[in-house]
Amino acid sequence: MQWRNSDIRFGLAAVSLHWLVAALFLFMLALGVWMTRLPLTDPWTFPAYQLHKSIGATIFLLVCARIAWRAANAPPPLPAALKLYERALARATHWGLYAALVLMPLTGWTIVSASPLGFPTVLYGLVPLPHIGFVADHPQKAAIGTAASWAHWTIAIAAAGLVALHIGAALWHHFARRDDVLTRMLPSRVLFRKGNGT
């Protein structure tokens with residue numbers, strides 16, 4: 001499997017970034033729901049938030065890398081049989097996901113920076129991440145934190161919906177339309193190969 005995209009499938013770099021970000025995002029959703037239900041006095045609360053922030057920063061970097069790679073490596077063309085509105089919906093879903101995965105870490109960083117608790121962020125216990133200075137020092141930082149928190153959760157819910165739409169579309173392409181939209185993003189074309197009865 002080659003690193004770069006070809007006319008018929010995504011390359012190893014795009015495939016690896018896609019599935020890594022997908023796995024981290026789904027884990028982050030579950031972690032976010034769980035950790036926000038913990039009381040502040042629970043011994044798991046602080047490490048859970050630190051892990052959440054660490055993975056959020058990782059997703060941000062991976063998505064930026066994915067966007068840069070996509071800009072330099074054109075993806076395989078969509079199936080010719082797709083209607084104009086289907087192409088528009090596919091592009092809107094992809095770019096909506098990219099936007100959400102960039103904005104969620106940024107709003108999360110804003111929440112932390114505006115928090116009156118002032119807890120430091122140390123990514124994976126190794127790399128300190130400073131607060132956003134103008135947010136931490138702003139006289140209305142409580143209002144900024146509230147708005148950022150609302151935005152963070154709203155974007156997360158929207159992203160979850162887009163992921164569900166993305167998965168549904170991929171399965172529809174594979175099982176209903178019988179095209180290669182799903183298989184060209186799998187690590188191996190052996191998996192779910194057309195005509196193998198799956």
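Details
- Hits in region 44-100 (condition: in a loop (DSSP other than H, G, I, E, B), free of Cβ contacts under 8 Å to residues at least 24 places away in the same chain and open to solvent by 50 Å² or more (accessible area, probe 1.4 Å)): Trp44, Ala80, Lys83
- Selection status of His166, open to solvent by 50 Å² or more (accessible area, probe 1.4 Å) and outside any helix (DSSP H, G or I): no
- Among the residues examined, Leu38 qualifies as within 30 Å of Asp137 (Cβ to Cβ), open to solvent by 30 Å² or more (accessible area, probe 1.4 Å) and outside any helix (DSSP H, G or I).
- Selection count where residues are buried (at least 17 other Cβ atoms within 10 Å of the Cβ) and over 18 Å from Gly32 (Cα atoms), scope region 114-130: 1
- Matching residues in region 28-61 - criterion: being under 30 Å from Asp179 (Cβ atoms) and not β-branched (Val, Ile, Thr): Leu29
- Test: residue in region 13-27 that is surrounded by 18 or more Cβ atoms within 10 Å (Cβ to Cβ), among the aromatic types (Phe, Trp, Tyr) and out of contact with any strand residue (DSSP E or B) (no Cβ under 8 Å at 6 or more places or on another chain): yes
The values are calculated or read from the model by the stated rules, or taken from the named source; none is laboratory data. Only a predicted model underlies this, so the values are computations on that prediction, with no experimental measurement involved. When we count neighbours, we look across all protein chains shown, and the Cβ atoms used for this are built from the backbone with ideal geometry, even at glycine. Ligands, DNA and RNA are stripped out before the accessible areas are found, and what is left, the full protein with its side chains, is counted by its heavy atoms. Shrake-Rupley method; radii C 1.70, N 1.55, O 1.52, S 1.80 Å.
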